[in-house]
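Take a look at the structure below.
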Amino acid sequence: MATPLTARIRSDGVAVDLASYEASGGYQGLRAALAMGSAGVREAVTQAKLRGRGGAGFNTGLKWSFVPIEDGAQHYVVANADEKEPGTMKDRLLMEGDPHSLIEGLAITALAIKASVGFIFLRREYSKCALALERALGEARAKGYLGEAILGSDFSLEIHLHLSAGRYMCGEETGLLNALEGKRATPRSKPPFPQVSGLWGKPTIVNNVETLVNVPVILRDGSEAFKALSLTGDGGTKLYGVSGRVRNPGVWELPLGTSAREIMERAGGMAEGLSLRGFIPGGASTDFLGGDKLDVKMDFDSVAQAGSRLGTGTMVVLDDRTCPVGMVLSLERFFARESCGWCTPCREGLPWVVRCLEALESGSGEMGDIETLEELSRRLSPGSTFCAFAPGAVEPLQSALKLFRSDFEDHVRKGACPWK
């Protein structure tokens, strides 16, 4: 089975250096991109049907096509490496183990939209990633893969590593851009979209780390070969993860469209003596699916049809000895703390969610609290808030209220959490 994203990653945790990266085909994608030109690169990525791996799943080449291409105009590219989704660790694996793949992907993206400056927006806690990326950036500059007249062409690019002060909101691309400009990390009104008016008002492309690492694979091997890696109509492999009470939590590169069951098998199944009640398929801000949904294919369309989102592709499992109310409370505390406070429904609604859940967990809750949680889920739904933060935050809540409602009611009937 082909694993183009992780094949170079070493088991000892040491990052791949430039010589090893080149020996295994590294920077061949950039060379091919320089020969094809900007328009050719955009077309190749569009035809490869690469969908964004940061959560939204938008066609990457189509996203690039919204940038008004003007020779001599200032454009920017940004790698969103602010991985703060609870339960998700896929981008860290790539940056710690194979940093040149991100640099090459960012360089090809810059060429595609005629950008001359790029940024890697990295969460500060990822100190090992920062060291690996700094070293790789230095190697790439020394070898002519960055800087002026790259590989003798008329394409020039400088990439800067930016360590984020951090909060979850920086993962939203306009909040990220505000933070990169030194402002408060709050979302921007759209339109205009970043592709037209982004960093410092200039056309900007923001892509997730995993998305960018796929780009050299497309340029090196071709769009058709990339599509053949997938089990779906969309192209490529996917980094899937499993966290929770399983025997072997971790991350694996598998064909896009691999079933949740097979991914769970990679994790060794549930820990001894435990059974699966449900799972969040794409990181903390996605809806629960029941344990009977293990045969769902983990691709964008199939997971949506099952009632959730693929998101980051990282499963968080709920076992039969863990309180679902307590699990949701833990998630909602995180989201309430991380809200930027820009709009009232999110700023006030998420702490209200937490108070209701805390009352249920402590044994002081009432049936009316469950109804209030349902109402809050509706009032924080898409279209009710300034950005997608709050709608994502209440996805695990609204689905838990449907799948595990009897657990919520038992907290009221028994006057305490039945699982303690």
Does V328 satisfy the condition of being in a helix (DSSP H, G or I) and in contact with a strand residue (DSSP E or B) (Cβ under 8 Å, 6 or more places away or on another chain)?
-> no
Please note which helices (runs of 4 or more DSSP H) are completely contained in region 169-230 and include at least 1 residues that are assigned by TED's automatic domain parsing to the domain that holds A115, under 21 Å from F334 (Cβ atoms) and touching a Phe, Trp or Tyr at 6+ places or on another chain (Cβ under 9 Å).
-> 173-180
With respect to L274, determine if the residue is of a type in the set (A, V, I, L, M, F, W, C), at pLDDT 95 or above and not in a strand (DSSP E or B).
-> yes
Consider D12 carefully, then state whether it is over 24 Å from W200 (Cα atoms), free of Cβ contacts under 8 Å to residues at least 12 places away in the same chain and acidic (D, E).
-> yes
Out of all the residues in region 350-360, is one or more out of contact with any strand residue (DSSP E or B) (no Cβ under 8 Å at 6 or more places or on another chain), outside the structural domain of L176 (by TED's automatic domain parsing) and within 24 Å of G233 (Cα to Cα)?
-> no
Being over 21 Å from Y21 (Cα atoms), among the charged types (D, E, K, R) and not in a loop (DSSP other than H, G, I, E, B) is the filter here, so list the residues in region 231-261 that pass it.
-> R261
Tell me, which residue of region 253-268 that is more than 27 Å from L397 (Cβ to Cβ) and free of Cβ contacts under 8 Å to residues at least 60 places away in the same chain is nearest to the chain's Cα centre (by Cα)?
-> L256
For region 277-330 the number of residues that are of a type in the set (D, E), in contact (Cβ under 8 Å) with a residue 40 or more places away in the chain and either more than 22 Å from L373 (Cβ to Cβ) or surrounded by fewer than 19 Cβ atoms within 10 Å (Cβ to Cβ) (or both) is 4
Residues of region 110-126 that turn out to be within 18 Å of V41 (Cβ to Cβ), of a type outside the set (D, E, K, R) and either touching a helix residue (DSSP H, G or I) at 6+ places or on another chain (Cβ under 6 Å) or at pLDDT below 95 (or both), as a count | 4
Looking at W342, is it surrounded by fewer than 21 Cβ atoms within 10 Å (Cβ to Cβ), touching a Ser or Thr at 6+ places or on another chain (Cβ under 8 Å), more than 30 Å from G268 (Cα to Cα) and free of Cβ contacts under 8 Å to residues at least 40 places away in the same chain?
-> no
Those residues of region 59-80 which are surrounded by 15 or more Cβ atoms within 10 Å (Cβ to Cβ), of a type in the set (F, W, Y) and within 27 Å of P391 (Cα to Cα), in sequence order = W64
For region 370-420, which fully contained helices (runs of 4 or more DSSP H) count at least 2 residues that are touching a residue at least 24 places away in the same chain (Cβ under 8 Å) and more than 32 Å from the chain's Cα centre (by Cα)?
-> 405-413
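The values are calculated or read from the model by the stated rules, or taken from the named source; none is laboratory data. All values derive from a computational prediction rather than experimental measurement. Because the Cβ atoms are built from the backbone with ideal geometry, glycine has one as well, and the counts that use them run over all protein chains shown.
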